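The values are calculated or read from the model by the stated rules, or taken from the named source; none is laboratory data. Since the structure is predicted, the reported quantities are computational estimates derived from the model, not experimental observations. Please note: Cβ atoms are built from the backbone with ideal geometry, for glycine as well, and neighbour counts cover all protein chains shown.
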């Protein structure tokens, strides 16, 4: 396990407009406010959703082309290949209350609104680095910031 500690900085609130791409808009808010490390929560509605399920080195996409409620959307902000990057997972429900969830993929179109709360992590750098073994870009921290987990004797 690797971990770093940070202090929380600013909290930024944003409202998304109808038709905006969820990931693009989260990334744009982070970029415009100069947040390169942090976490976020989002609620609202979608016109369409694209969620991914990671299997055998690739994402299988689940597409839903109907009005949906965002039950919960959580994620983090880091740097990937030199750019601000938003990574999120989301749970949505349809008009019957059936729930689906997964990795947020590009192509989730905001419905009536989306409400974002973005919390900045101060004094920490979080990067995504490609991991050959898993095929994923995993969260990575500079070695100088790492704390190590110590084993406790019982």
- For region 64-73, how many residues meet the condition of being in contact (Cβ under 8 Å) with a residue 40 or more places away in the chain and either exposed (fewer than 13 other Cβ atoms within 10 Å of the Cβ) or more than 30 Å from residue 133 (Cβ to Cβ) (or both)? 3
- Is at least one residue of region 47-60 in contact with a helix residue (DSSP H, G or I) (Cβ under 8 Å, 6 or more places away or on another chain) and closer than 15 Å to residue 23 by Cβ? no
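Scan 107, 75 and give me the residue that is within 20 Å of residue 3 (Cα to Cα) and modelled with pLDDT of 95 or more.
Details: 107 fails: within 20 Å of residue 3 (Cα to Cα).
One residue alone meets the criteria, 75.
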- The lone exception for residue 6 - which of (1) surrounded by fewer than 16 Cβ atoms within 10 Å (Cβ to Cβ); (2) under 22 Å from residue 123 (Cβ atoms); (3) modelled with pLDDT of 95 or more; (4) in contact with a strand residue (DSSP E or B) (Cβ under 8 Å, 6 or more places away or on another chain) it fails: (3)
- Query: In this structure, does residue 140 turn out to be out of contact with any helix residue (DSSP H, G or I) (no Cβ under 7 Å at 6 or more places or on another chain), surrounded by 11 or more Cβ atoms within 10 Å (Cβ to Cβ), farther than 29 Å from residue 68 by Cβ and at pLDDT below 95?
  - Reply: yes
- Message: I'd like the residue in region 54-81 that is over 17 Å from the mean Cα position of the chain (by Cα) and part of a loop (DSSP other than H, G, I, E, B) and, out of all such residues, is nearest to residue 43 (Cα to Cα).
- Response: 67
- Item | When residues of region 95-104 are limited to those that are free of Cβ contacts under 8 Å to residues at least 60 places away in the same chain and either touching a helix residue (DSSP H, G or I) at 6+ places or on another chain (Cβ under 7 Å) or outside any strand (DSSP E or B) (or both), the one nearest to residue 53 (Cα to Cα) | 98
- Return the pairs, sorted by first residue and then second, in which the second residue is surrounded by 15 or more Cβ atoms within 10 Å (Cβ to Cβ) and assigned to a strand (DSSP E or B), the first residue lies in region 6-20 and is at positive phi, the beta carbons are less than 6 Å apart, and the residues are 6+ apart or on different chains. 19/109
- When the residues of region 84-94 are filtered to those that are in contact (Cβ under 8 Å) with a residue 24 or more places away in the chain and surrounded by fewer than 16 Cβ atoms within 10 Å (Cβ to Cβ), which remaining residue is nearest to residue 8 (Cα to Cα)? 93
- Task: Output yes when any residue across region 95-114 is surrounded by 13 or more Cβ atoms within 10 Å (Cβ to Cβ), over 13 Å from the mean Cα position of the chain (by Cα) and closer than 25 Å to residue 9 by Cα, and no when none is.
- Result: yes
- Where residues in region 21-53 are touching a residue at least 60 places away in the same chain (Cβ under 8 Å), within 22 Å of residue 129 (Cβ to Cβ) and in a strand (DSSP E or B), which of them is farthest from the chain's Cα centre (by Cα)? 38
